[in-house]
Amino acid sequence: NGLFLGGTGQFRSNFYKETNKVSNDDILKIYPLVALEFNFPLIKVFNEKQEIIKPVAQIVYSSDLNPNSTSPKEDSSTTEFDSTTLFKLNKIPGTDKQETGLRLNAGLEYSSEIIDKYKYGLNIGQVFRNKNTTDFVSASGLNGFESDVLISGYIDLYKDINVSSKQVYSKNFSLKRSDTSLNLKKDRYSLGGNITNLISDPSEGTSSDLKELSFSFFSEFTGNWSGNLNLRRNLVKDETINASAGFNYKNDCIDIQM
């Protein structure tokens, strides 16, 4: 009847041998994981238009069979909470630490498309856990019994214009992170703009909020000559971070940038 059901099993093991002046330790970490995913895509096709609504539910359980031993912290602990990591079985990057416990990754995806004219989509998702976790940096929005709410969307027009945005909202629905970009691409030139908004997070070394605007422009004048402009500006301090302009000459033999 259209229901997709998928099961996953994983077994990961890491071994560390530490040698120092105080002691010599052998550390064995074992992480079993099982997951079950349900998704039910609902598809409507009318003339040239296609619409898809897909609810997704992913139940994951993983554990640490040797929780009393601590492995060396060698990998990054920063996790970007977006539509690509929402349904990751383990959202902690690297191998020296693993996400543990029972959790539900839930989301709803919607997209609409008319071929060669436009395409747009909207995703919303959240993570629910049976225990209060502090495995992630606070700004990621993944700690606690419930994660923050992730909303992302995009619009593609005539294969030339793309607008995309991602927002992370707290549990009381106040904005914590946002990233919005606009890109225009033609045969002879391209234009891009981006606005980033991040709240401060001492665990990541930031003591103040960040609002940043970036802009880029590229144009091909002839078959050999092209030019570019770039700008980054801090909107909180109302000052330019950097700006640049350049020309490029390129043929089969040489490539000169100015």
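The values are calculated or read from the model by the stated rules, or taken from the named source; none is laboratory data. Computed from a prediction, not measured in an experiment: that's the story for all the values here. Quick reminder, even Gly has a Cβ in these numbers, built from the backbone with ideal geometry, and neighbours come from all protein chains shown. What goes into the accessible areas is simple: the full protein's heavy atoms, side chains included, and nothing from ligands, DNA or RNA. Shrake-Rupley method; radii C 1.70, N 1.55, O 1.52, S 1.80 Å.
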### Query
Rg and Dmax of the stretch 123-168, Cα atoms, in Å?
14.8, 46
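Please go through the residue pairs Lys117/Lys211; Lys54/Lys97; Lys171/Lys211; Lys88/Lys237 and name each one whose alpha carbons sit more than 28 Å apart in this structure. Walk me through the intermediate numbers first.
On the way: Lys117/Lys211 33 Å; Lys54/Lys97 32 Å; Lys171/Lys211 22 Å; Lys88/Lys237 36 Å.
As for pairs spanning more than 28 Å Cα to Cα, those are Lys117/Lys211; Lys54/Lys97; Lys88/Lys237.
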### Message
If you split all Cα-Cα distances of the stretch 25-122 into 10 Å bins from zero, what percentages do you get per bin, shortest first?
### Response
13, 32, 25, 16, 10, 4, 0
#### Entry: Among Ala57, Val34, Gly246 the positive-end extreme of the charge dipole of the chain (Cβ point charges)
Ala57
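Keeping all protein chains in place, calculate the accessible area per residue for the stretch 79-154 (probe 1.4 angstrom), answer in Å².
Details: 3160 Å² over 76 residues.
Each residue of the stretch 79-154 exposes 42 Å² on average to a 1.4 Å probe.
Quick one: pull the percent of accessible area on the chain belonging to carbon and sulfur, 1.4 Å probe, ligands and nucleic acids left out. Each step should come with its number before you reach the end.
Numbers: 9000 of 15950 Å².
Taking all protein chains in place, the chain shows 56 percent carbon and sulfur surface.
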#### Entry: Furthest towards positive pole of dipole, Ser138, Gly94, Ser111, structure part the chain, Cβ charges
Ser111
## Note on the structure
From the Cα centre of the stretch 159-184 to that of the stretch 1-69, the distance in Å is 26 Å
### Message
Before I look further, what does the stretch 1-71 give for accessible area per residue, probe 1.4 Å, in whole square angstrom?
### Response
72 Å²
### Message
For the pair Lys117/Tyr61, report the inter-label distance in nm, with labels modelled 7 Å from Cα in the Cβ direction.
### Response
4.9 nm
### Message
For the chain, take N as its residue count and report Rg(C-alpha) divided by 2.2 N^0.38 Å.
### Response
1.28
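When the chain is fully extended, how far beyond the present Cα-Cα distance does Trp225 get from Ile256, taking 0.36 nm per residue of separation?
Numbers: separation 31, 0.36 × 31 = 11.16 nm, distance 0.98 nm.
Taking Trp225 through Ile256 to full extension adds about 10.2 nm, to one decimal.
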## Note on the structure
Per-residue accessible area, 1.4 Å probe, largest first, puts Asp96, Asp25 in the order Asp25, Asp96
### Query
Taking 0.36 nm per intervening residue step and subtracting the Cα-Cα distance, what contour gain separates Ile27 from Ser244 on full extension?
73.1 nm
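Please get the size of the charge dipole for the stretch 138-199, origin at its Cα centre, with Cβ charges of +1 on Lys and Arg and -1 on Asp and Glu, quoted in debye to the nearest 20.
Values: 8 positive and 6 negative charges, 30 e Å.
Using Cβ point charges on Lys, Arg, Asp and Glu, the stretch 138-199 gives about 140 debye.
Within the chain, which is the longest segment containing none of the trypsin sites (Lys or Arg not before Pro) that sit in a DSSP loop and have at most 12 other Cβ atoms within 10 Å? Numbers along the way, then the final one.
Numbers: sites that count: Lys21, Lys73, Lys117, Lys159, Lys186, Arg188, Lys237.
Here the longest segment lacking exposed loop sites spans 22-72.
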#### Entry: Point-charge dipole on Cβ atoms (K/R +1, D/E -1) for the chain, about Cα centre, debye to 20
360 debye
